[in-house]
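Step one of this worksheet: look at the structure below.
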């Protein structure tokens, strides 16, 4: 899953890095396909969230049982659960951050669709695809002395 999600994000980044005005890409179709892929990844993220929560609760329950009745088997089980839980949390972190990044990619697609149609697109903030010159003017420079 990690390889698939990273390669898909890189593919979309490559498409969005092309010059807007020279690009003949159908952003509407790309946005629709992106939403489908995003739904797949969001479903994966949700399933992993539920499993991670359950796994964490089992690990914590084992920890409290280990405190109440210190037995060698509970210690071994706790260490095994902990060794498995840490990579699982890291995998969920990748899924969560990737979905958030794909939201930004989708926003950029919608902005480009609106720009082609002469409209405005909703934006939640900074996008990695906008150039600094599009966002800032000389008046915005905090280093400039008045």
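The values are calculated or read from the model by the stated rules, or taken from the named source; none is laboratory data. Predicted model only: the values in this text are computed from it and were never measured. Every residue, glycine as well, gets a Cβ built from its backbone with ideal geometry; the counts of neighbours run over all protein chains shown.
Residues of the range 80-92 that are without any contact (Cβ under 8 Å) to a residue 12 or more places away in the chain and surrounded by 12 or more Cβ atoms within 10 Å (Cβ to Cβ): 80 alone. Checked against the criterion of being closer than 30 Å to residue 108 by Cα and modelled with pLDDT under 90, the candidates 39, 22, 10 yield just one match: 22.
Any residue in the range 36-58 that is part of a helix (DSSP H, G or I) and farther than 30 Å from residue 102 by Cβ?
Yes.
Condition test on residue 74, is it modelled with pLDDT of 90 or more and either part of a loop (DSSP other than H, G, I, E, B) or farther than 21 Å from residue 46 by Cβ (or both)?
Here the answer is yes, as residue 74 does meet what is asked.
Among residues that are at pLDDT below 90, out of contact with any helix residue (DSSP H, G or I) (no Cβ under 6 Å at 6 or more places or on another chain), surrounded by 13 or more Cβ atoms within 10 Å (Cβ to Cβ) and within 23 Å of residue 117 (Cβ to Cβ), residue 16 is not included.
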